[in-house]
Every structure is written in structure tokens, then in C-alpha cells.
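**Q** The structure that follows is given in the form of C-alpha cells.
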Amino acid sequence: MKSNVMKMVDRRDGKLAMAHFYVAFIALAIGGLAGLLQTLVRSGKFVLPAGIGYYQILTVHGVVLGLVLTTFFIMGFQLAAVSKTAGTLTKRQRTIAWIGFWLMTIGTLMAATMILLNKASVLYTFYAPLQAHALYYIGLTLVIVGSWFDGAAIVIAYIAWRKANPGQPSPLLTFMSLVNTLLWIVATIGVAATVLLQLLPWSLGLVDRVDVLVSRTLFWYFGHPLVYFWLLPAYMAWYVVIPKVIGGKIFSDSLARMSFILFLLFSIPVGFHHQLTEPGIDPAWKFLQVILTFLVVIPSLMTAFSLFATFESYGRSKGAKGLFGWLKVLPWNDARFTVPFIGMLSFIPAGAGGMVNASHQLNQVIHNTIWVTGHFHLTLATAVILTFFGITYWLVPHLTGRTLTKAMNKLAIIQAVFWATGMTFMSGAMHAAGLLGAPRRSSFSEYGGAAQAAEWIPYQVAQAIGGSILFIGIILMVYIFINLAFFAPKGEEEFPVGEAADEAEKTPMVFENWKLWLGITVILILFAYTIPFIDMIENAPIGSKGYKLW
Amino acid sequence: MHIHKYEKIWLIFGLTTLLVFLSVLGVSAFYLGNQPPSCLATINPEKVDTTKPFNKPGLKKVEGKDWDYELVFVASAFNYNPGEIEVPKGAKVKVIATTKDVIHGFEVAGTNINMMLEPGFISEFETTFDKAGEFLIVCNEYCGAGHHMMTSKIKVVEA
């Protein structure tokens, strides 16, 4: 299975993955510009031209980066990873994935049009009873349904590999892509339910009223696993790709699989920790979901251990001495390693902040303050996105038959330095202002000249400085992507896939037992949600009519 | 499946600290009563103005309860009623609030009062104002074009 190390991803599969990446990087450029404008507006020194609303560009930013960039990049990466490790997709699998791509693209265009027409300034969380145009909901639905087609291609490819290789554990990258796809399918059922059964009929005028709490609960059933759907592809690169890039080994194949399974189990029945300060949910059920939330600490600690064990083992094999001597021999001038490594470092404060957010009581101090925005700009917008950039630097030239030149490699590292610097300013200032009470998702305001609000403004200026530095980072990234896709010299760039250090030890087949893992996933979800959900429906107040308040 | 000795130590250490952490949260929640605002009472959002106690927003002294005052707020796009209120320092207050239209936030900056107001539900939080001064109330859940103009003020004055 591991003979053809330099085996290239099939051209036709490469084209499929690249189609996803084109949309993802267009999204990065547009969403990044929106982000820059937001930080400038919030500094109080800039007003949007031509009657564009702050909440309109905020909706653009959230939808285009949180939903479009991520879903397209992840599906493109996973399809390429499956094609590389489980074999070229069949014609049928590839057709299904192309249908998925086009559904997602059409859906994105529909939602984007409605946002630009100012018919959908409801942010990417679209909380009822704010009511967007029906085409916005239909567009987002198509994005989700399209992603199911992409996911179906991955599931079918996995099943075909297992049939062709009975009794064998699936290739690690294929296994991980499958786990993340299953996680995504189970999670998106929630958002699909609220959009199709509640919001769409209501926005079309077929029903008059909507149950707000049920809608929010279904959204957050999806909203938290969404962040793990973003994170797991980064973990795929950390576990499997990075060891190969530095010339080391994967610490343990079995433990990597186990941590992915644990993420599948513990990332879904936890949505209440986003609803801790809401009425209508019994606090005991909130607490239960807080406990389940914290169980992801286990696979997170396993991941941290594995990564640094790989780094240290590699360093020592190169003769590094002392407690931290191995740090010196890591390939710091290789962007494929250094850029994701900066992402890994940002995950340390990001994880600590996440523990505050999910805590039953501490959450109340920072709930819906800009601290939360600062938090997910460390997790998604630094740890995850820098890893995605790190993947781009080898995957795009691999797929386009080009190479990452020395100059581009250097620029990529400079890009990451800009990113880390900008984010330190922006996210740091957001965390600090949040602790003082500054709300998230709010345009510039002096709140009637209140002294407390005046304290927030210097932090908002710092956010604008950070945002401007980040935008330079976005320009650099888009430039590197265009170079790698169209202009870099022809050649063969490696798709790095690591081998396990414990190769001799057979990976237990229990990890491939999906009846077991999906069964436990469903049981945990039913356990965490059934009773509070019945309570919500039985004790529901009269529903809400729609409002368009923008 | 083999787990390295150091990894075992690392995981046992991590799990122990997690257990201690969750126990602290649990004791705080169920023994000390520090639960997040989770009021289960409902209301017709279209009849807020005629439903007690929201027909008379503001501060009201109460007798025979665990708290001395009830502080009632009604939120709607894009303001709070009352727009400003004085509360005596040291008073034990139950804040009671709801919304007449969309979801709003109710955050008193610089305090632990932070709760969601959702149409059809009443939100409550008990607190003691033990620091004098002006505290800004902001809406921290997006509610429309005027979201960032939605504000009120609590003045804690010496009793």
C-alpha cells in the first residue's frame, strides 16, 4: 500500500479539488475585504460609502468565510486526500462530487445575491424572528445539500476501498476524511431541519409564525460540530502530513484514529453551551451538555501529545540534545511546516479561551461580547486557516503540476508572520475589550457618551490596526494561490503522507466499526437532547411573526 | 493498542485536572446556586405591555421575597424601557426582562448580568449591586439596523 510515495492525484480528481479551491480563495478575498471594512468602521474613523450597511458586510464576512471558504476548502482537500490514499475516484464518485460542487456554487451565488440586495442582513446565524428573503435560505440549503453530495462521494469511495481490501484498516487520511464527513452529515441534519421545516415555509408566507427557541436549538445542534468540521481537516494535516514534511513518523496510527472517533462522539451533543444564558432551557440539561463539551479535552490532549512527540522523536533522531534541543533542528524555513506550526501555537491560548466560553458560569462574563469573536479568530481564523494555507502550498502545485518555488516559500512564511502579527493585535484587543463588556456584532457606537463605552474605543482602534495587517496577509495569500494555480514553474510537488512509527503494530479493526460509533453518537445525542427538546415543544409560547429590521 | 507511558501520565494528569475543574463548576451550580439565567416562564410577546409585571417597567420594592427589589425591563427594537434607572447600593435585586419583537441581548457592562431575551420567554437574574456608579446596558445580540444604538443605564446610588 505504501509503495508509490510520489503517486500523483489523478488529473481529473485534481480538477475537481481545484474547482473547490477557486471558490474558496475568491471567498477569502471577498470575506477578508469585508472583515477589513468592519474593523475600520468600528474604529469610529471610517464610514461605509454608498449606503452599504455595517450588518450587510458583517453578513458577507460570516457567510463567505465561515460557511463558503471552509466548506469548499475542506471538501476539496478531503476529496484529494481520498483520491491520493484510497485510489482515484470512479467516474460515478467523481460525477456525484461535481454535482455537489455545482449545487454549492449555485447556492452560494443565490445567498450572496440576496445579501448584496440587502434582503438578508441577518448574519450567518440567521436567528429568527429576523426574517430574510426565502432565496437566502434556499441558497444556504443548496450549499448544505451540495456538501452532502461531496460527502457521499467520500463515503462511497471508502466503502469501495474496504470491499476491495477486506480485513484491512483503511488508509489513515481516508479514514479521517470519512470521520469528518460523517460528523458533518449528522450535524447538518439540525440546520437543514430548521431551515426546511421552519424558516423556509415561514419566509414564503406558508406559515405565519415560527418557534424561536426550537430554531435556535436546532441551529446550535449544528453550530458546535461545525467548528470541529473546520478543525478536523487541520488535524489531518497535523497528524499525517506534517510528520512527513519534517521527515519524521506519525507517533501512532491507532491513537490518531481513536482521537478522531472521540471528536465524532463528543462534538455534537453539546450545543447548549452556546445557549447557556437563554431562557426556556433547564439549567441541569445545560450542565450535562457542558460536561459533554469538556470531554473533547481528551482527544485534544492526545493530539497535542502526538504532535510534540513526533517533533521531539524526529529531533532526537537527528542527534538533538537537551530538553528542548530538538526544536532547533525542525525545518523552520519550510513553509509547509512553519505556517501550520504557528497555527498550532495559536491553538494553545485559543483552547484556554474556549474553556472559559463553555464553562457553566464563566460564560456569563463574556457571552456575546467581542471576546467570543477574538476566540474564534484564534481557532478558525488562525489555527485552522494557517493550516489550510500550509496545505495549499503543496496541494495546489501538486494538483496543477507545478512546484512551490523558493521565492514563494519565503513569501508564504512572510505571509504567516503578517497573519500572526495582525491577529495578535486584533484578537488580543478583542479579548481585552470583551472582558470590559464590549459587545460583538455591533457597529461603532458611543452608547450615548457612556464612560464605559469610551474605554472600549482604543481597543477598537487596535483591532483596526490588526485588521489592516491581516488584510495585507490576505493579499499575499491570494497572490501565492494565483501563482501556484497558474504561473509557478511546471514540476512535481509531493503530496506528503506520513507513515506510522508503530507500523509493526496492527491497527485494531474496531475503529472501522461504524455501526458501533454512529450508534454511540446517536445515543449520546438522544440522551442530551430528547427530554429538553420535548420540554421546549410542550411548553412553547406562541410563535413569532417575521421582522425585517435592517 | 499500545499507549506510551508518557502519554498515559499526560492523559491521567489531564483527566484529573478536568475532573477537578468540572467538580468546581458542578458544586458552584448545584450547591452554591450559581446557575446561568434559565427562567422557564413564558409570555405572549404581542401582549407584553398589558402583562404583569411588564405593564409597569422600572424598579419596584417587594416584601416577603428573597430579594428586596424587582427591576423590570421591556426590550424592543431599538430601545429598553426604562431608558435609565436608579438602584440603591447594596440592594438585592431580581432583574426581570423580556422582548416584544426579535431576540435582544441584556448585558450590564462591568457586571455578571448577561442574558438573552427571546420572544415568548421571560429572563430573570438575581444580583446585588454592591458598587456605586453608572452601569451601561447594551444589546449584545444582533437585532437590526439600530442594534448598536440600543442602550439603557443603571445608576447605583448610595442608599
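**Q** Within 10 Å of each Cβ of A:433-439, how many other protein chain Cβ atoms are there on average?
**A** 4
**Q** Now, a different point. Determine one quarter of the surface area of the Cα convex hull of the stretch B:8-95, which equals its mean projected area, and express it in nm² to one decimal. Intermediate results must be reported in sequence, preceding the final value.
**A** Details: hull surface 39.1 nm².
That works out to 9.8 nm².
**Q** State the percent of C-alpha pairs, over all pairs in the stretch A:221-349, separated by a distance greater than 26 angstrom.
**A** 33 percent
**Q** Over chain A, what is the relative contact order in whole percent, taking alpha-carbon pairs under 8 Å and six or more residues apart?
**A** Once divided by the residue count of chain A, the mean separation gives 20 percent.
**Q** Using only Cα atoms, find the angle between the long axis of helix B:5-30 and the longest principal axis of chain B, and express it within 0 to 90 degrees, rounded to the nearest 10.
**A** 30 degrees
**Q** Quick one: B:Y69, B:Y31, fewest Cβ neighbours within 10 Å first, how do they rank?
**A** Ordered by Cβ neighbours within 10 Å, fewest first: B:Y31, B:Y69.
**Q** Place a point 7 Å from Cα of A:F308 in the direction of its Cβ. Which residues in the stretch A:327-366 have their backbone N less than 19 Å from it?
**A** The answer is A:327-332, A:338-355.
**Q** Now a separate question. Going by average Cβ neighbours within 10 Å, how do the peptides B:73-81, A:193-201, A:448-456 rank, with the highest at the top?
**A** The packing order, highest mean first, is B:73-81, A:193-201, A:448-456.
**Q** If you bin every alpha carbon distance in the protein assembly as shown into 10 Å steps from zero, what whole percent lands in each bin?
**A** 3, 14, 25, 27, 18, 9, 3, 1, 0
**Q** Within a 10 angstrom radius of each residue's Cβ in B:119-126, how many Cβ atoms of other chains show up on average? Whole number is fine.
**A** Mean partner-chain Cβ count within 10 Å for B:119-126: 5.
**Q** Hey, if you put +1 on the Cβ of every Lys and Arg and -1 on every Asp and Glu Cβ in the stretch A:11-538, which of A:F347, A:I457, A:N409 ends up farthest toward the positive end of that dipole?
**A** Value: A:N409.
**Q** Identify which of B:E126, B:E86, B:E63 has the largest mean-square fluctuation in a Gaussian network model of chain B, with springs joining Cα atoms closer than 10 Å.
**A** Of the options given, B:E63 has the highest mean-square fluctuation.
**Q** I need the shape label for the stretch B:45-157. Rule: rounded when a/c is under 1.5, else prolate if a/b > b/c, else oblate, with a, b, c from the alpha carbon gyration tensor.
**A** Because a/c hits 1.5 or more and a/b fails to exceed b/c, the stretch B:45-157 counts as oblate.
**Q** Using amide H atoms built in the peptide plane, which far-off residues or other-chain residues are under 5 Å from B:K153 H to H?
**A** Here B:E84, B:I85, B:I137 satisfy the definition.
**Q** Highest mean first, what order results for A:137-148, A:164-175 on Cβ atoms within 10 Å?
**A** A:137-148, A:164-175
**Q** From other protein chains only, count the Cβ atoms within 10 Å of every residue's Cβ in B:105-115, then give the mean. Don't skip to the answer; put the middle values down first.
**A** Working: counts 8, 1, 9, 2, 11, 5, 3, 4, 2, 11, 7.
That works out to 6 on average.
**Q** Would you please put A:245-255, B:41-51, A:206-216 in order of how densely packed they are, using the mean number of other Cβ atoms within 10 angstrom per residue and starting with the highest?
**A** A:245-255, A:206-216, B:41-51
**Q** Quote the charge dipole size of the stretch A:9-157 about the Cα centre in Debye, to the nearest 20; the model charges only the Cβ of Lys and Arg (+1) and of Asp and Glu (-1).
**A** 220 debye
**Q** Specify whether the C-alpha gyration tensor of the stretch A:289-352 places it in the rounded, prolate or oblate class, a ≥ b ≥ c being the square roots of the eigenvalues: rounded for a/c under 1.5, otherwise prolate if a/b is larger than b/c and oblate if not.
**A** prolate
**Q** Out of B:G105, B:G26, B:G90, any idea which swings most in a Gaussian network model of chain B, alpha carbons joined below 10 Å?
**A** In the Gaussian network model the winner is B:G26.
**Q** Same structure, new question: With charges set only on the Cβ (+1 for Lys and Arg, -1 for Asp and Glu), what does the dipole of chain A come to about its Cα centre, in debye to the nearest 20?
**A** Here chain A has a charge dipole of around 1220 debye.
**Q** As I understand it, the value is the acute angle between the Cα axis of helix A:406-435 and the longest principal axis of the Cα atoms of chain A; what does it come to in degrees, rounded to 10?
**A** Result, in degrees: 30.
**Q** Using r as the Cβ-Cβ distance of B:Y31 and A:K545, and R0 as 51 Å, what FRET efficiency do you calculate, to the nearest 0.05?
**A** On the way: r = 42 Å, r/R0 = 0.83.
Once the sixth-power term is evaluated, E becomes 0.75.
**Q** Students often forget the sequence filter, so: which lysines lie under 24 Å Cα-Cα from B:K89 once same-chain residues fewer than 8 apart are removed?
**A** B:K56, B:K60, B:K61, B:K65, B:K131, B:K153, B:K155
**Q** Counting only DSSP beta bridges with both residues in the protein assembly as shown, what percent are antiparallel, rounded to the nearest 5?
**A** Taking every DSSP beta bridge within the protein assembly as shown, about 70 percent pair in antiparallel fashion.
**Q** Now for a different question. Excluding same-chain residues fewer than 8 positions from A:K490, which lysines have a Cα within less than 25 Å of its Cα?
**A** Once the sequence-local lysines are set aside, what remains near A:K490 is A:K7, A:K15, A:K84, A:K244, A:K406, A:K410.
**Q** Mind running the shape call on the stretch A:498-538? Use the C-alpha gyration tensor, a ≥ b ≥ c as the square roots of the eigenvalues: rounded below 1.5 for a/c, prolate if a/b tops b/c, oblate otherwise.
**A** Prolate.
**Q** Specify the residue with the greatest mean-square fluctuation among B:L11, B:L25, B:L40, computed from a Gaussian network of chain B linking alpha-carbon atoms under 10 Å apart.
**A** Looking only at B:L11, B:L25, B:L40, the biggest GNM fluctuation is shown by B:L11.
Since every read-out is calculated from the coordinates, none of them should be taken as a lab result. None of these values were measured; they are calculated from a predicted model. Reconstructed Cβ throughout: ideal geometry from the backbone, glycine too, with neighbour counts over all protein chains shown.
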